[in-house]
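The values are calculated or read from the model by the stated rules, or taken from the named source; none is laboratory data. Owing to the predicted nature of the structure, the values given are computational and were not obtained by experimental measurement. We place every Cβ from the backbone using ideal geometry, glycine too, and count neighbours over all the protein chains shown.
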Amino acid sequence: MRILALLLAALLTLGLCGCGTPPETPPTEETAAAEPVRTEGQVGLALERDAGLDPYACMSSANRLILSLLYEPLFRVNAQFAAESVLAEDWTVSEDGRTTTVRLRAGESFSDGSALTADDAAASLRRAAQSPIYGSRLRHVTDVRATDGQTVVLTTDTAYACLPLLLDIPIVREMGEAVQPIGSGPYVLEGDAALRRREGKESPLAAENILLIPIESSEGLRSGFRSGGVSLIIGDPNGSAPPVLQEAPNIWSVPTTELLYLGFNLRSEVFSSGSVRSAVSYAIDRGTIVSEELGGFAAATPLLAPPGSPWYVKDAAEAVSYDPARLKNAVEPGTEITFVYNADNSRRRTLVNRIADELTACGLLVTVNALPQKEFLAALKAGSFDLYLGQIRLTPDLDPEPLFRADSGVCFGGLSSLTQLRQICDDARADHGNSAVLADSILLDGVLCPIAFLENALCVRAEAKDDFRPCIDRPLVG
């Protein structure tokens with residue numbers, strides 16, 4: 001946990017003063033709704049009514065805090081990127097890695113008292129596979145079926161060493177297209193204004209009842225937290241609508257799978273050279289970027305994995321120490337490059353300028369182009385760049401394959417031609433021991449330059465304070 005007193009000076013320097021979901025349109029002035037009113041000691045959570053509470057469709061970060069209390073997954077992924085059982089008792093994988101069998105924990109029930117069965121779990125996973133939130137992570141799952149009341153079998157078209165890393169997916173009672181699916185979480189929805197704690201169910205919050213405070217915008221969320229009506233909020237401190245960190249008595253860092261990186265155009269004159277691309281990784285002062293540009297809410301890494309995860313190869317990472325002389329020796333002084341970034345997030349400007357200064361000090365002549373999102377994506381697709389600042393949300397198993405797959409929508413600069421990297425990704429997915437091969441391939445050829453994995457901030461008022469241990473996509477874990 002980060003305490004406000006330790007970070008206030010740095011956060012004020014960064015100007016972090018907002019909170020909420022990440023809309024790109026400017027927020028409108030709004031105050032939290034007058035009704036309902038939270039009493040002293042009661043916990044309040046923000047609710048965007050228009051975003052709904054469908055666990056497979058809701059994109060609101062405020063509402064997803066509520067969802068984490070209404071629904072439970074088979075597994076959750078902890079801060080060390082290990083799968084922890086929740087509704088699952090255990091799991092096994094076939095010798096070829098293409099069949100994963102999950103056995104459910106006995107005695108689990110939904111909030112309406114009905115038993116949670118393998119049919120419910122299988123139907124939930126099939127529904128999730130068709131959703132915009134979970135569809136990508138389940139793209140290799142070809143079949144999900146219940147073989148008995150307590151057993152779910154998943155078949156994949158590629159080998160997985162640990163498919164449960166992808167099964168942090170809400171399980172709901174099979175009820176067709178119910179507007180409000182029934183879950184098994186520690187709380188149950190009471191009308192549209194409160195949550196009531198279920199008897200005998202463990203919860204990350206001690207509150208028996210939680211008031212839901214209606215909001216309509218990011219400014220409404222900020223106002224709700226400032227006024228004390230909203231007790232917990234979560235957001236990206238470096239995003240377009242960062243949390244109200246200055247006013248939070250307690251702050252937890254929440255790990256994410258959001259990778260911040262530099263992408264190269266392999267077809268450009270300067271970055272067609274693997275030795276030049278690799279040298280760029282040594283010219284980036286990641287530690288300073290994290291502390292001064294990202295407010296400490298990130299984990300610096302030269303790899304496609306954060307420290308502490310199963311895919312982090314410590315020896316390979318430590319070999320990439322800050323050494324700008326490598327890039328100075330690899331390029332001709334005055335070599336021109338075009339560096340583009342998405343200007344819709346104004347907080348990226350100082351970060352991009354710092355990186356541009358680091359590259360300039362190594363002899364490159366850098367032209368920075370700040371582009372609106374549509375123009376930015378158009379430039380990436382057209383190859384009208386030498387270097388770009390990218391950000392991608394990887395799946396919880398940190399599979400980087402989409403970065404090298406032409407039809408993914410996030411593969412730029414000629415990376416789709418690197419078919420051998422896609423095979424290495426397959427090998428690492430099937431056996432985590434192959435992560436060292438992937439790390440070496442990324443570093444030696446410099447196809448990407450990872451900077452850091454970003455972290456969210458969970459801001460908590462005293463009435464909701466607890467000993468949280470935030471997990472990936474699931475901050476409210478006790």
Residue check: is VAL230 of a type in the set (A, V, I, L, M), assigned by TED's automatic domain parsing to the domain that holds ILE66 and touching a helix residue (DSSP H, G or I) at 6+ places or on another chain (Cβ under 7 Å)? yes
Consider the range 368-384. How many of its residues are surrounded by 13 or more Cβ atoms within 10 Å (Cβ to Cβ) and of a type in the set (S, T, N, Q)? 2
Residue count, the range 238-276 (criterion: farther than 29 Å from LEU359 by Cα and among the aromatic types (Phe, Trp, Tyr)): 1
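Matching residues to (1) modelled with pLDDT of 90 or more; (2) β-branched (Val, Ile, Thr); (3) out of contact with any Lys or Arg (no Cβ under 8 Å at 6 or more places or on another chain):
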| site | (1), (2), (3) |
| --- | --- |
| THR395 | yes, yes, no |
| LEU398 | yes, no, yes |
| GLU401 | yes, no, no |
| LEU418 | no, no, yes |
| LEU421 | no, no, yes |
| GLY433 | no, no, yes |
| ALA436 | no, no, yes |
Scan the range 297-335 residue by residue and report those that are of a type outside the set (A, V, I, L, M, F, W, C) and part of a helix (DSSP H, G or I). LYS314, ASP315, GLU318, ARG326, LYS328, ASN329
For the range 130-150, give me each residue that is touching a strand residue (DSSP E or B) at 6+ places or on another chain (Cβ under 6 Å), farther than 23 Å from PRO186 by Cα and not charged (D, E, K, R). HIS140, VAL141, THR142, VAL144, ALA146, THR147
Single residue of GLU84, GLU95 found to be under 23 Å from ASP157 (Cα atoms) and either of a type in the set (S, T, N, Q) or surrounded by fewer than 19 Cβ atoms within 10 Å (Cβ to Cβ) (or both): GLU95
Unmet requirement for THR147, which otherwise passes all of (1) of a type outside the set (Asp, Glu); (2) modelled with pLDDT of 95 or more; (3) surrounded by 17 or more Cβ atoms within 10 Å (Cβ to Cβ): (3)
Which of the numbered conditions does VAL230 fail, given that it passes all the others? Conditions: (1) more than 30 Å from THR301 (Cβ to Cβ); (2) modelled with pLDDT under 90; (3) assigned to a loop (DSSP other than H, G, I, E, B); (4) of a type outside the set (Lys, Arg). (2)
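How many residues are of a type in the set (S, T, N, Q) and in contact with a helix residue (DSSP H, G or I) (Cβ under 6 Å, 6 or more places away or on another chain) when one looks only at the range 351-391? Steps first, answer last, please.
Kept after step one, since they are of a type in the set (S, T, N, Q), are these residues of the range 351-391: 353, 360, 367, 369, 373, 384, 391.
Next, only the ones that are in contact with a helix residue (DSSP H, G or I) (Cβ under 6 Å, 6 or more places away or on another chain) stay: none.
Count: 0.
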Tell me whether the range 216-223 contains one or more residues that are buried (at least 20 other Cβ atoms within 10 Å of the Cβ), outside the structural domain of LEU138 (by TED's automatic domain parsing) and in contact with a helix residue (DSSP H, G or I) (Cβ under 8 Å, 6 or more places away or on another chain). yes
Filter the range 407-430 down to the residues that are in a loop (DSSP other than H, G, I, E, B) and under 23 Å from the mean Cα position of the chain (by Cα), then identify the one that is farthest from ILE337 (Cα to Cα). GLY409
So, of the residues in the range 268-296 that are charged (D, E, K, R) and in a helix (DSSP H, G or I), which turns out to be surrounded by the most Cβ atoms within 10 Å (Cβ to Cβ)? ARG277
If GLU375 satisfies all but one of (1) assigned to a helix (DSSP H, G or I); (2) at pLDDT below 95; (3) within 27 Å of PRO237 (Cα to Cα), what's the number of the condition it fails? (2)
Given the conditions (1) modelled with pLDDT under 95; (2) surrounded by 18 or more Cβ atoms within 10 Å (Cβ to Cβ), every one holds for VAL340 apart from (1)
Quick one: which of ALA178, ALA206, ALA241 is modelled with pLDDT of 85 or more and not polar (S, T, N, Q)? ALA206
